[in-house]
Amino acid sequence: MTRKLVVFACFVVTAVTLVPVVMMVLVAFQSDAESMAAQPSFWPGSWHPENLTRAFELVPLGRYLLNTIIFAAGTTLLETVTAALAAYAFARLDFPGRTWLFGIYLATLMIPSQVTLIPQFVLVAKLQGIDTWPGMILPHAFTALGVFLLRQFFLGIPRDYEEAARLDGANRWQAFVRVIVPLAVPAIATLAVFKFIGQWNNLLWPLVISNSDSTRTAAVGLQVFQDTNGTQWNLLLMAATITTVPLIVLFFLTQRWFVRGITMSGLGGR
Amino acid sequence: MAVETLPARTPVRPAPTRSGPTPRWRSKETLAAWLFILPSLIGFLVFTAGPVVAAGVISLLNWNLFSSPTFAGLKNFARLGPDPTFWSALGNTVYFTFVSVPLTILVSLALALLLNQGLRRIAVFRSLLLLPYATITVAVAFVWIWLYIPQDGLVNAVLGWFGISGPAWLISDDWAMPALIAMSVWKSFGFGMVVFLAGLQAIPQQLYEAAKVDGSSAWQTFRSVTLPMLSPSLFFVVVTSIIGSFQVFDQALIMTNGGPGSRTTTLVMYIYRTGFENYDQGYAAAQSLVLFGFIVVITAAQFVLQRRLVHYDN
């Protein structure tokens, strides 16, 4: 293929791929009548930036977004911290039972989250955790995947660095915090970005565990939006845009890590 | 994923500041290790390992969450046989998986090959093409409903340019599932594309030069160099895509709510309905274990195939 043809093909493919995202934004700015007309138009006949504030007035979208941030950030923070600690022990410390314990962690990697959904729900219900933050966050804050990914990375850090710190009198904890963690920032950040995006996207768990506006996330809230307002497409898609944009911004800010994370996990088979 | 062999044991040596006997240092290391693992372990036992065991127990119960459970034995599993909705949910999930996974792989591989043609601005195209992957399924599902509007929705408008009158996608018995699949391929091809790009860029250039010297055609080079060298990435994407497809839920719930009839009711949606709309927790747990069983069998089969088809250069 000639270079010009390649560039042209890339432009066409990218343009087609982005159509749904562009449409979401365009319809979000249409007037009520236009967006609900029997014959939908693609470019807004007139622009209605006030749809932005109307979406926030129609449903407590601000509250939903705040809830989504609390849910995604809470699970991400807990997961990365606990996974980093455990991964360090699995990668670097010697203790009886290490092999089989790590084996148990690995074995659960393939279990679909639907298997744990019902027992987790029952557990949270028994502990009076329905519609509370601990009930939302804790069950999704500890996964074997995070431990697995970080352990793989820690194994690649030369032992000499840590040994040097230990010879200088640092204890285990200091070696972990001052040597290992700074070296592992890219891996930890990768895990954090993955986790955050995954939880921002999570529909099933918040759907079963939150039943009021105090914990309802945006993913669940969009559904309520549809229920209460039928097909008021401009406001529905405005809400969808508002819910998606923070994620896209985060994605662009962190995409180096994101891509590296996908690459890292992709090469996991090698 | 290949698990690396465990690293060599930490050389046992006395702590620098203390000249105690070796066992004492080792027990200190054990204590430190458990302290590091404890936060993760408690969460893991309570919220992952425990619930997996509990799912097995719950599947043996008659339980609607409100009354006290009674023992049901294997009755919940026996109920699966004569339950037409379960079988159609399973059939729909298999249909979804076996169409969407090959399509996703083809699209991501084609785009990775395109982007790998020595393009200068590759990062820009790569990020833009990865954009659908970074959107929220629920939010973009709503856009796709809008695109699929039967009269003059964008999809049918474009088909109209070619003289095709498109179906009423999401309410059509035959087309609701293909419509979901198209949306899912759009949503997820970016992941495979990035993995393939990484795989392509790791192929040594000499192999292509050697193929050129031998006078291979483009197709021969692809068959005998690119594909074998790419097979580990391919294997990884196939395994993860199949596992993901078996768990499809969000877009089906939003775009079709399982309809028309139960044409797009997936296994996970049926589990959700059984457990949280019909409050039949025992039966829902039994279904989730069957789903798990399918995932294990299919993944195991892939690992067996892998030994014959995947090329690892060690």
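Annotations for the structure displayed:
- Per residue, the convex hull spanned by the Cα atoms of the stretch A:140-270 measures out at 147 cubic angstrom.
- The Rg/Rh ratio for the stretch B:75-196, using Cα coordinates for both the radius of gyration and the Kirkwood hydrodynamic radius, is 1.07.
- Full-extension gain in nm, B:V53 to B:Q201, via 0.36 nm per residue minus C-alpha separation: 49.0 nm
- Applying 1/(1 + (r/R0)^6) with r as the Cβ-Cβ distance of A:R63 and B:R120 and R0 = 51 angstrom yields a FRET efficiency of 0.65.
- The figure for A:F148 is an accessible area of roughly 10 square angstrom, using a 1.4 Å probe on the protein chains alone.
- Förster-model FRET efficiency, 51 Å R0, A:V25 and A:L155, C-beta, rounded to 0.05: 0.70
- Label-point separation, A:T99 to B:L106 (7 Å along Cα→Cβ), nm: 4.6 nm
- Diffusion constant of the stretch B:133-187 at 10 °C, which comes from Stokes-Einstein with the Kirkwood Cα-pair radius and 1.306 mPa s, µm²/s: 138 µm²/s
- Note on the stretch B:152-308: along the principal axes its Cα atoms extend 65, 47, 20 Å, ordered by decreasing extent.
- Working from the Cα coordinates of the protein assembly as shown, the gyration tensor eigenvalues give, after taking √(5λ), semi-axes of 40, 32, 25 Å in decreasing order.
- Computed E for A:M36/A:T2 - FRET, C-beta separation, R0 35 angstrom, nearest 0.05: 0.15
- Lysines whose Cα lies under 21 Å from that of B:K28, excluding same-chain neighbours fewer than 8 positions away: none
- Zero-based 10 Å bins, Cα pair distances in the stretch A:89-215, whole percents: 10, 32, 29, 20, 8, 0
- Percent breakdown of C-alpha pair distances by 5 Å bin, ordered from the shortest bin, for the stretch A:1-91: 2, 10, 11, 10, 10, 11, 10, 10, 10, 8, 3, 2, 0
- Those aspartates and glutamates that a straight Cα-Cα span of less than 18 Å connects to A:K195, excepting residues fewer than 8 apart in one chain: A:E79, B:D250
- Extension gain for B:N257 to B:L227 (0.36 nm times residue separation, less C-alpha to C-alpha distance): 6.9 nm.
- Rounded to the nearest 10 square angstrom, A:H140 shows an accessible area of 40 square angstrom against a 1.4 Å probe.
- Principal axis dimensions, largest first and in whole angstrom, of chain B by Cα: 87, 74, 35
- Ordered by solvent-accessible area of protein heavy atoms (1.4 Å probe), largest first, the residues B:S188, B:S40 come out as B:S188, B:S40.
- With DNA, RNA and ligands ignored, accessible area of B:S241 (1.4 Å probe; Å², nearest 10): 30 Å²
- Projected label points at A:R54 and B:N278, each 7 Å from Cα along the beta carbon direction, are separated by 4.2 nanometres.
- Calculated [θ] (222 nm, deg cm²/dmol) that DSSP helices of n ≥ 4 give over the protein assembly as shown, each run adding -39,500 (n - 2.57): -22000 deg cm²/dmol
- Accessible surface ranking for A:R54, B:R223, A:R256, A:R166, 1.4 angstrom probe, highest first: A:R256, B:R223, A:R54, A:R166.
- The candidates B:W169, A:W257, arranged from most to least accessible area with a 1.4 Å probe in the full protein assembly, appear as A:W257, B:W169.
The values are calculated or read from the model by the stated rules, or taken from the named source; none is laboratory data. In this text the structure is predicted, and so the values were computed from the model without any measurement. Quick reminder, even Gly has a Cβ in these numbers, built from the backbone with ideal geometry, and neighbours come from all protein chains shown. Accessible surface is based on the protein model in full, side chains and every heavy atom, while ligands, DNA and RNA are left aside. Shrake-Rupley method; radii C 1.70, N 1.55, O 1.52, S 1.80 Å.
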